[in-house]
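Taking it in order: structure first as structure tokens, then the write-up.
The values are calculated or read from the model by the stated rules, or taken from the named source; none is laboratory data. Computed from a predicted structure; not experimentally measured. As a convention, Cβ positions derive from the backbone with ideal geometry for all residues, glycine included, and neighbour counts pool all protein chains shown. Surface areas here come from the heavy atoms of the whole protein model, side chains and all, with no ligands, DNA or RNA. Shrake-Rupley method; radii C 1.70, N 1.55, O 1.52, S 1.80 Å.
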Amino acid sequence: MAAVDVRGAHDAGRLRVTMVNKYYWPPHVGGVEAVVRHLSEGLVRLAGAQVRALVANEADRRVEETINGVDVVRLSRQAALSSAPIAAGMPLALREEAARTDLLHFHSPYPWGELAFLAARPKVPAVVLYHSDIVRQKLMLSGYRPFLERFLDEVDLIITSSPNMIVGSEFLAPRAEKCRVVHFGLPLERIAGAPGAEARAAELRAQHPGRHIVLFVGRLVYYKGADVLVRAMADVNADLVMIGRGPLEPELRELAVELGLGERVTFLGEQEEAALAAWYRAADVFCLPSVERSEAFGLVQIEAQCVGTPVVSTNLPTGVPYANLHGVTGLTVPPNDAGALAAALRELLDNEGLRARLGAQARARAFGEFTIPRMVAQTLDVYAEAAARFLECRGRGGPRSLGQA
């Protein structure tokens, strides 16, 4: 079995970690994939760790490559169930990883990865970063729930992005003792210091002469609440810029026309990082109007905050209002309430002093709490504690010791 003294391994520059997730970015872009990549590359760059990412490929073949120092192993995928790829080789791959790694770091929800862990029973410390509950796939959850419960009991520690998730999740609340909060880290310096972003932002503002700009960034899907935002804009004297694609785009365009907002709502589609950085600066207010717990945190809020743009978001029982503290970095309102959303937007747009104060506080909190070095340091602390718990559990014959030599 691989050594489990991860703190000692880290000090010697030999820490070996294997990330387990559905996919790896690139080519898959998403909030979870962004966290996996930023953490993996941060561990390599800042902690001298050897990091492997064990994920599924999009095709029925295995591919191995190295991306910015991270060894990515894409296992052959045979099928997909509710967007979760099924890689039949995952249990065997986890057993093989146990012989070469110091710790397994899972990212949940990924039902096949969690089932593979239970099947493989790898004899190595394991943690899981619990990104969100499964909300919409209720039928799948009913059959999967016993396995998820067992998986969460088996891993040594559970990482989550906010204390809100521990309280609000029916799966985490009973296991609060083994939950640890680690703030997500983003490449804020790259966003805030993007070359030419300020000049480009001035050009973008000039395209909206004499008008405030409300910015939305995200996929146009059911849980983002983009329709609520469009309805709210009927009572807000400002322009709305929506960045992102999704199945609801045609419906949203029709709604904007129906409400007489055609000229005040702009749909831009996905943008490159440099353009996005400019839009964050050009906006007077950033809005994340999510309506369902599928929105577990909302990393885009931190991206907007790092350039000093205050946020209006919803008070979901997830990490969303933790990322945007009411009265500190912006304002929060009840979800699915267009009237309350419009009132909060007007409050910020009509009060330049309030916008400036909240924007400055938002920038300070982003750089103080949500950087990659901070995420790496907090994660290393969790790894060390997980290794100690693993050894203690083996010594007293606890659940992780069952079937182990």
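Looking at segment 59-82, which of its residues are within 15 Å of HIS28 (Cβ to Cβ) and free of Cβ contacts under 8 Å to residues at least 24 places away in the same chain? Before the answer, list the steps.
Residues of segment 59-82 within 15 Å of HIS28 (Cβ to Cβ): 59, 63, 65, 67, 70, 72-75, 77, 80.
ALA59, VAL63, GLU65, VAL73, LEU75, ARG77, ALA80 - these are the residues of segment 59-82 that are within 15 Å of HIS28 (Cβ to Cβ) and free of Cβ contacts under 8 Å to residues at least 24 places away in the same chain.
Among all residue pairs at least 6 apart or on different chains, which show Cβ distances below 7 Å where the first residue, located in segment 368-387, is under 18 Å from LYS178 (Cα atoms) and of a type in the set (Phe, Trp, Tyr) and the second is at pLDDT below 95 and buried (at least 21 other Cβ atoms within 10 Å of the Cβ)?
TYR383/VAL6
Which residues, counting only those in segment 139-154, are in contact with a Pro (Cβ under 7 Å, 6 or more places away or on another chain) and either open to solvent by 20 Å² or more (accessible area, probe 1.4 Å) or modelled with pLDDT of 95 or more (or both)? Spell out the reasoning first.
Step one: list which residues in segment 139-154 are in contact with a Pro (Cβ under 7 Å, 6 or more places away or on another chain), which gives 144, 153-154.
Within segment 139-154, ASP153, GLU154 meet the criteria.
Collect the residues in segment 29-62 that are farther than 14 Å from HIS131 by Cβ, surrounded by fewer than 17 Cβ atoms within 10 Å (Cβ to Cβ) and within 16 Å of the chain's Cα centre (by Cα), keeping them in residue-number order.
VAL29
If you go through segment 190-227 one residue at a time, how many are closer than 18 Å to GLY260 by Cα and either of a type in the set (Gly, Ala, Ser) or in a helix (DSSP H, G or I) (or both)? Break it down into steps so the answer makes sense when it comes.
First, the residues of segment 190-227 that are closer than 18 Å to GLY260 by Cα: 208, 211-214, 226-227.
Still in the running and either of a type in the set (Gly, Ala, Ser) or in a helix (DSSP H, G or I) (or both): 226-227.
Residues meeting the conditions: 2.
Considering only segment 287-308, how many residues are part of a loop (DSSP other than H, G, I, E, B) and of a type in the set (Asp, Glu)? Walk me through how you get there before you give the answer.
Start the filter on segment 287-308 by keeping residues that are part of a loop (DSSP other than H, G, I, E, B), which leaves 289-298, 306-308.
Those left that are additionally of a type in the set (Asp, Glu): 292, 295.
Counting residues in segment 287-308 that are part of a loop (DSSP other than H, G, I, E, B) and of a type in the set (Asp, Glu) gives 2.
Scan segment 228-248 and give yes if some residue there is assigned to a loop (DSSP other than H, G, I, E, B), open to solvent by 40 Å² or more (accessible area, probe 1.4 Å) and under 30 Å from VAL167 (Cα atoms), otherwise no.
Residues of segment 228-248 that are assigned to a loop (DSSP other than H, G, I, E, B), as a first pass: 236-238, 244-248.
If we keep only those that are open to solvent by 40 Å² or more (accessible area, probe 1.4 Å) as well, we get 237, 245, 247-248.
Then drop every residue that is not under 30 Å from VAL167 (Cα atoms), which leaves none.
Looking through segment 228-248, none of the residues is assigned to a loop (DSSP other than H, G, I, E, B), open to solvent by 40 Å² or more (accessible area, probe 1.4 Å) and under 30 Å from VAL167 (Cα atoms).
In segment 221-240, how many residues are hydrophobic (A, V, I, L, M, F, W, C) and closer than 16 Å to GLN301 by Cβ? Let's see the steps before the verdict.
So the first thing to find is which residues in segment 221-240 are hydrophobic (A, V, I, L, M, F, W, C), and the list is 221, 226, 228-230, 232-234, 236, 238, 240.
Right, trim to closer than 16 Å to GLN301 by Cβ and you get 226, 229.
Residues in segment 221-240 being hydrophobic (A, V, I, L, M, F, W, C) and closer than 16 Å to GLN301 by Cβ: 2 in total.
Tell me which residues, restricted to segment 209-223, are open to solvent by less than 20 Å² (accessible area, probe 1.4 Å) and touching a residue at least 60 places away in the same chain (Cβ under 8 Å). Lay out the reasoning, then the answer.
Start the filter on segment 209-223 by keeping residues that are open to solvent by less than 20 Å² (accessible area, probe 1.4 Å), which leaves 213-218, 220-221.
Across segment 209-223, the qualifying residues are ILE213, VAL214, LEU215, PHE216, VAL217, GLY218.
Among the listed residues LEU157, LEU129, LEU103, LEU118, identify the single one that is modelled with pLDDT of 95 or more, closer than 19 Å to VAL32 by Cα, over 17 Å from the mean Cα position of the chain (by Cα) and open to solvent by less than 40 Å² (accessible area, probe 1.4 Å). Show your work before the answer.
Details: LEU129 fails: over 17 Å from the mean Cα position of the chain (by Cα); LEU103 fails: closer than 19 Å to VAL32 by Cα; LEU118 fails: closer than 19 Å to VAL32 by Cα.
None of the others qualify; the one that does is LEU157.
Please determine whether any residue of segment 63-83 is within 17 Å of VAL382 (Cβ to Cβ), open to solvent by less than 60 Å² (accessible area, probe 1.4 Å) and either at pLDDT 95 or above or touching a strand residue (DSSP E or B) at 6+ places or on another chain (Cβ under 9 Å) (or both). Reasoning before the result, please.
Kept after step one, since they are within 17 Å of VAL382 (Cβ to Cβ), are these residues of segment 63-83: none.
No, the conditions are met nowhere in segment 63-83.
If I ask for residues that are under 16 Å from GLN50 (Cα atoms) and either β-branched (Val, Ile, Thr) or in contact with a Phe, Trp or Tyr (Cβ under 6 Å, 6 or more places away or on another chain) (or both), which ones from segment 96-110 would you list?
Matches in segment 96-110: THR101, LEU103.
Restricting attention to segment 261-276, does a residue exist that is crowded, with 18+ Cβ neighbours inside 10 Å, outside any helix (DSSP H, G or I), more than 25 Å from the chain's Cα centre (by Cα) and of a type in the set (A, V, I, L, M)?
Within segment 261-276 (the criterion being crowded, with 18+ Cβ neighbours inside 10 Å, outside any helix (DSSP H, G or I), more than 25 Å from the chain's Cα centre (by Cα) and of a type in the set (A, V, I, L, M)), the answer is yes, since at least one residue qualifies.
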